[in-house]
Every structure is written in C-alpha cells, then in structure tokens.
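Quick notes on the structure that follows.
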Amino acid sequence: MAKNKFHIKWLHKLYIFAILIAVVPALFISLTLKGKTEQEITQFINTELTIIADDVAKEINDFFLNQLEKQSLLKKSLENEDLGSNEKVSLVVSAVKTIDELVSISIIFYENGSYSPAIQTRKSFFDSLLAAHNPAAAKLINDQIRITELLTKEGRQFGNPVFIKGLNEWFIYLALPVNILNAPKAFLVSIISLDRLRKRLSNPKYSQVGSILIADANGNSIIADLTPAVNQSIINNTVELLKGKMRVTQVTNYTVNGKKIVVSTAFPENVKWVVIATEDYDSAYSLVGEFDKAIYLWLFIGIILAVGAALFLSDRIKKPIQELGKKADQIAGGDFDIKINYKVNDSIGKLGSSMEFMSKSLKENFQKIARQKAELEEYSKTLEHKVAERTRKLSETNKSLEKAYQQVLELNLEKNEFLGIAAHDLKNPLTAIKGFGEIIIGDKTLERDDLERYADIIVKSSERMFEIITSLLDINRIEEGKVEVKYMEVSANGLAKSIIKQNSKAAAEKEITINKNLLEEDLEFLTDPSLTMQILDNFISNAIKFSPKGKDIVVKITADEKSVAFSVKDNGPGLSDEDKSKLFTKFAKLSARPTGGEHSTGLGLSIVKKITEMLGGEIRVESELRKGAEFILILPRDGG
C-alpha cells in the first residue's frame, strides 16, 4: 500500500511538474500576446472606423462650405451699390441656372413685423412640379418664410433637410441676411439639392468597413438609402451629443438585441448632423477570437503532451522537460528563434517540435502585425497627402471660379456703362438735329440767316455724332485686334510740324499760340506715322480745348539713344488726383471742362492709351490743379 501510495504521489508530482514547465510559460506568452494583439487589432479597427466617419463628415463640410461660398458671393453682388436692380435680378437668375445644386433662390424682405417674398426664381424642372400641383414641392416653396423666420430666431444659416418623394431627393434651406441699399431688411433664401452630396457619400470606399448612417438633431435618418437600418437607441444616444458643446469623434460599443456593435461618430461643422459608422463587434474583432483559439489549442496540446510524457517516461522526461522549460523562457523573453535538441519521436519530442512551430508562428504573426502596422501608417500618410492635394486643387478651382465670376461682373458692368454713356452722348445731338430740322420744315417764314444758323447747328450736331461713333468704332477695332501697325522710318520734327499745322486753325480761333521746341538735329525713327499723329493730335486738340483764350501751348521733342519723347504742355486748369486716376478710362468725366464750348466724348485718351501700348510706348502725365498739364508720349526708336 505504501509503495502504491508513493507511486501515485510521484505521478501527481510529475503531472504537476510537466504542466508547470510546459504550460505556464506558454500561458504567460499567450496572455501577453493576446493582450497586445487584441489592443493592436482593436486600435486598427477603431482607427479605420474613425477615419471613415471623419471622411464622411469632411465630405459634408466641404459640400456645405462650397454652397456657403457661392451664396456669399451672390450676397456680395446684391449688396454692391454700383449694380442696378435689373443687374441684380439677372445675377440671381444666372446663379440658379449655373449652380447645379441650386434649385430655387428667393429674396425675402422683413418689414413691419412680417416677411414677404420680393424675388423668386427656380429651375425649370421645379416649376414643372409646381405646375403639376406637386404638394411636396409646393410645401418646400411655401415654407421659405417660416424657415427663414425660424433660422433667424435660432441664429442658424442652414435649415433641416427635407425629402420629396416625387423626386426621391433631399433638399435643404440656406438663409443669409442681405443689406440692400434703400431697401428693408432682406434675406437671401436658397433651396439646395443634396443629391450630389448623396452620390459622393455613396462612394464604395465608405462601405468597405461596416456601414454609414447620417442623422439630424431630431434623430431622423438623412439620405437613408446609403445604409441599412440602425437601432434607434444608438441614433438617440449619438444625437444627444449634438446638444453638447464638445463634439469630438469617438468610438463606443453598444449591445443591440444581444449583439455587440462598434460605433464611431463624427460631427460636421456647418450643420447639426451626426455621422455614425458602425460594424458588427464579432466581425470587427474576429481575428482576436481566432488568435485566442489558436493559443488555447496549443495550450491544450501542450497539456496533453506533458501529461502523456509524465505517465510513460518519468526519468527520461526530466532533462527534456527542463530544456523545454528553458526554451519556453526564451519565448517568454521575446526570443522566438529557438531550437530543441531532443528529436526523439515521442510526446516530448512532439511537444518540442510544437514549441518550435509555435515560436515560428508567433514570430510570423508578430512580423505580420508589424507589416500591417507599417502599411496602416503608410496608408495614413498617403491619405493625408491625397486629402491635402485635393484640398489644394479645390482651393485653386474656387479661386479660378471666383476670378472668372468677378471678370464676368466687371465686363457686364462695363458693357452697361458703355451703352448708357454712348446713348446719353448721342441723345443730345440727335435731339438738336430733330428739333431744328422740325423748325426748318414747319416754319415757312424763316429768314435766310436763321436757316443757315439752324443748318449750321444740325451740321455741328452731325459732326458731334460722327466723332462719337468714330471713337466707338476705333475702340472696338483696337480691342478686337483689327488695327494693323505699319512701321516705317519717319522724321520726328516732321511729325510735330504736320500735327501743329493741322491744329493751327483751331488754335487761332481761340487766339492760342503753339510754340515749338524741336530737335536741333532732326532724326528718323521707326513707327506708324498715322497712329503716332493720332496720339499727338489728341494731345494738342485737348490742350487747345481746355486752354483759356490767349494762352500758349508748347510742343517739345527730346530724344536719347533708345527713345523719342513728344510733350504737349498747356496753361489750362490742370488735373486733380481724382482726374489722374480715371484719365485713361472710357467716357472719363473730369473736373476740367472745355473753355470755348467745345464737346468732349471722353474716349480720346482711352484710345490713344491703347494705341501707345500697340506701338510699344508709354504715356506720362505731369500736372497740378490750376497749373496746367503736360502730356508726354515716349516711343522706342526701333519700333518696339
């Protein structure tokens, strides 16, 4: 009995010893690896969910920022005091036509405690819906005043999204205050389609991990066709975060109908929405479970081998077990490159082989995890680069669009100003021609002197009209590039003498003397004589036109190795700083007026400025108010 008892105790000791040597180190390693692996995988899944939620939130931010920028530009145009009512209405209509997402724009005035629409324009398809008495479309338009009042009260710009079943499409209101000169308090109210945003969020990259849901502050699902249904309790909990001031992206676990779900939330900045990215917990962390099963499997195998070796080989297993214990310690210390010398084909040998295989597997798994981590870091860097590049391109595109938009506004303004001034300047001579022509036809008792005087007025009015039309045609030909520069060698003194002779009669009529200060040694230079004389004729005729009777005008020529300079100096009223700033613009109206009742189209200096640029030269003006003015034409001697 004592011998049997001793034998049983030995078996128990051997069993416990074998288990301790084989299992404890492996258990320690497995628990360590399990914790680290689960942490790494969990972090990876959470990061991936967070990135997707943030990307969706950024897509929403970009969309609403883009819409806000477009409407802000339109708002600035409406607040521009230089634009007329018709031009502003045209801008509103043009915006509806050119901006794809824009369905309707209204200008709503607030006066005497009530709101009233002043201007409404919509896309044609929406007018068709209203014509067909679509109740949802009609409600969307009719609710503009109520929504504007609500957004103004709450201090918001964007309203809540609205879904129209007939179009299977989401819409949202945008209300901006507008300060229009001489008008009551006003709001620019836009209805924006969310269809383009829905298509962008339907990108497959957002559904690679789990699913996406977007909800508003009332817990309503927005753009619902993007995602399967999510438990309402999750939506309610995440929507509660919208009421707080701290809106940060976070990852939370929920249990729905006994099933765990991983949820990541993100918040767009411009609207009270929440982005919910979800994934089944078991699917997300399945790799952790598989790793646990593998560890437990190897532990179980180790226990079986240890117990079997203890039962069949008591003395022979001592040294191999000790060796296995040492190798297990190496594995626990992180050294997975082990080699077990015991190669006997028995349980201990198998256990040793298993430990070698397990160490190799652990090493490969760690290497795989390290590679995955490196790939994730590289992916994050690449993603950041792509986001930065896309942001840069969007910024450049927005700047280009804004620049083009401003150019269109400037050209439209210049066209309207051009037509208005031209019509105004042509109206006076036409009125004179018509009036005096009617007098000549209607009054048969007119004397010869009266007839000649009226006829002279008609001729001068016709000449005035001819001068205006000729100037307009000159500007048009120059701007369209139809003026051909014909260079040839010409005499500098000869040009000056010819143009002085042409203007001598007009100068004599006002008792004005044109003094010449020409080159002592004449020179020839390369230029277009016709265009050059047109410039000098404008300078001298303006000097005569704006000089008082009996004053002098000085025409001077200077030259150096590269250029020739013609200057015309008068003793007229001079130019103010404001006059100088608009001197070469079309239809410029200056403070100085002609002294002999002459007419001025305001186009001459604009034309000569363009001709000078064509000849490769420049014009300088030196003048002080009430001290005369000097216009200087500088041309290159080699023709530019």
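The values are calculated or read from the model by the stated rules, or taken from the named source; none is laboratory data. What you see is a predicted model; the values in this text were computed from it and never measured. Ideal geometry is used to build each Cβ from the backbone, glycine not excepted, and the neighbour counts take in all protein chains shown. To get the accessible areas, we keep the full protein, side chains included, count just its heavy atoms, and leave off ligands, DNA and RNA. Shrake-Rupley method; radii C 1.70, N 1.55, O 1.52, S 1.80 Å.
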Practice task
Would you confirm whether any residue within segment 255-274 is under 35 Å from the mean Cα position of the chain (by Cα), at negative phi and modelled with pLDDT under 75?
Solution key: yes
Completion exercise
By residue number, the members of segment 618-640 that are open to solvent by 20 Å² or more (accessible area, probe 1.4 Å), in contact (Cβ under 8 Å) with a residue 12 or more places away in the chain and of a type outside the set (A, V, I, L, M) are E618, R620, E624, R626, K627, E630, F631, P636, R637, D638, G640
Practice task
Test I60 against the stated conditions and say whether it is open to solvent by less than 20 Å² (accessible area, probe 1.4 Å), assigned to a helix (DSSP H, G or I) and at pLDDT below 80.
Solution key: no
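A quick yes/no check of all residues on (1) closer than 27 Å to N134 by Cβ; (2) at pLDDT 80 or above; (3) of a type in the set (D, E):
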site	(1), (2), (3)
F163	yes, yes, no
Y173	yes, yes, no
K185	no, yes, no
P204	no, no, no
I212	no, no, no
I222	yes, no, no
I235	no, no, no
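So that you can scan it fast, the table gives a plain yes or no per residue for (1) under 26 Å from E484 (Cα atoms); (2) modelled with pLDDT under 85; (3) open to solvent by less than 60 Å² (accessible area, probe 1.4 Å):
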{"position": "K551", "(1), (2), (3)": "no, no, no"}
{"position": "K562", "(1), (2), (3)": "yes, no, no"}
{"position": "F566", "(1), (2), (3)": "yes, no, yes"}
{"position": "K589", "(1), (2), (3)": "no, yes, no"}
{"position": "T612", "(1), (2), (3)": "yes, no, yes"}
Completion exercise
Flagged in segment 337-368 as open to solvent by less than 40 Å² (accessible area, probe 1.4 Å) and assigned to a helix (DSSP H, G or I), in numbering order, are I348, G349, L351, G352, S354, M355, E356, M358, S359, S361, L362
Practice task
Starting from segment 510-531, take each residue that is part of a strand (DSSP E or B) and list its partners that are among the acidic types (D, E), counting only C-beta distances under 8 angstrom and pairs at least six apart or across chains.
Solution key: T513/D552; I514/D552; N515/D552; E524/E489; F525/E489; F525/D638; L526/E489; L526/D638
